[in-house]
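What follows draws every value from the coordinates through simple rules; no lab data is involved. Remember, predicted model here, so these are calculated numbers, not experimental data. Cβ coordinates were reconstructed from backbone atoms using ideal geometry, including for glycine residues, and neighbour counts include every protein chain displayed.
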Amino acid sequence: MSSFKFLVFALVALAACTPRPSLILVPEAANVGEVVDVYYASTRTPDVTVGLGIERSSSSSFGRISVAIPPEHQVGKVEVAEGRPDPAESFAIADVTNFPNADTFRKTLAQTFRSKPKGAREAVIFVHGFNNNFAEGVFRTAQLEHDFELDGVAIHYAWPSRGSAVGYAYDRDSALFARDGLEQLLRDVRAAGAESVLLIAHSMGAQLSMESMRQMAIRSPAELRRSVDAVVLLSPDIDIDVFRSQATRIGQLPQPFVIFVSQRDRALALSARLSGESNRLGNVESIDQVADIDVTIFDVTEFTKATDLGHFTVGNSPALINLLASLPGIDALFRGDTSGRLGLLQGTVLTVQEATKVVLSPISVLAE
């Protein structure tokens, strides 16, 4: 077997090792775990078995899902089980509310924002990546909200991924199909009263997010500035030249604009091979390739385990989550403040023109 075929086989096998969740309602979970409410907008078609399916819908659906985090939850994990989950051990759905239309979604979201004090009405929108079913995206949104102790209102944009390790082409086309839906969600969230919007996108969801921001900027740069305040791309599956073109057309990027990368990301290594490239934005080897763009790159290679795909290190590494979530002054860092970075982070910093690269390393690696 060639090394390329072996890599494809390994990625498919690893993806199949973990049970895949579905939206099974477990009402008693609300009394067992810590509940995180996740609002959602989706361009997936309805599916009677898992809530929302894999087909593409020309209109968006909306709702709110209460996710119960198990009491013994380990930071960096999304504990799931096949079949009906035990809320004492696994993520579980405690409640589901489906909204009949976008107007009801906005009104309900507005009530949630008004329940928070002024100055604390932030929306955190998570856009999932390749090979995700609906429940996985909802659970991941809840896990990031919980583990990073985010105070914003959690919102998930669920675009129609096939949820298959061999569905790359379908997902890539679906990401393009879903651009208008994400653009409208950004407008709806701001109209509902969000004072600030943090857009977090993973993998192929980063491509979708960049395309949505690009088309908003083409229509009205001022509208994009009103709609998105900060962006975080996690392991973005984007061609570097395409990203440069997108960023140039957008013009002034939302700030901060943070990109997490890893040279040990095997999923992106495969994506690059399939695209006939040396690497993707999420495993970019040299900051020189984006040096003239106002972004901050966090290199988390040293936190990526050799046994993992390395495609969600930020959300899966307890050490990295604890480092980023607990550091005093991390907010200033994300705002682009370059002062005192060496004292703030356990790593090194390289600044080239506009871009800044922060190389994060565990204490054990630095000691060596």
*Which value in Å does the Kirkwood hydrodynamic radius of the stretch 131-269 take, with 1/r averaged over all unlike C-alpha pairs and then inverted?*
15.6
*Take every Cα-Cα pair in the stretch 96-367 and report what % of them are more than 23 Å apart.*
51
*Looking at the stretch 97-165, which GluC sites (Glu not before Pro) are in a loop (DSSP not H, G, I, E or B) and have at most 13 other Cβ atoms within 10 Å?*
Glu149
*Near Lys107, which lysines are there with a Cα under 30 Å away, not counting those fewer than 8 places off in the same chain?*
Lys116, Lys118
*asked:* Using only the Cα atoms of the stretch 170-228, what semi-axes does the equivalent ellipsoid have when each is the square root of 5 times a gyration tensor eigenvalue? Give whole Å, largest first.
replied: 20, 12, 10
*Run through all the Cα pairs of the stretch 65-139 and give the fraction in each 5 Å bin from 0, expressed as whole percent.*
3, 12, 16, 21, 19, 16, 11, 2, 0
*asked:* On a straight-distance basis, which aspartates and glutamates could pair with Lys357 in a cross-link, Cα separation under 17 angstrom, same-chain partners fewer than 8 positions away excluded?
replied: Glu285, Asp288, Asp292, Asp294, Asp299, Glu302, Asp331, Asp337
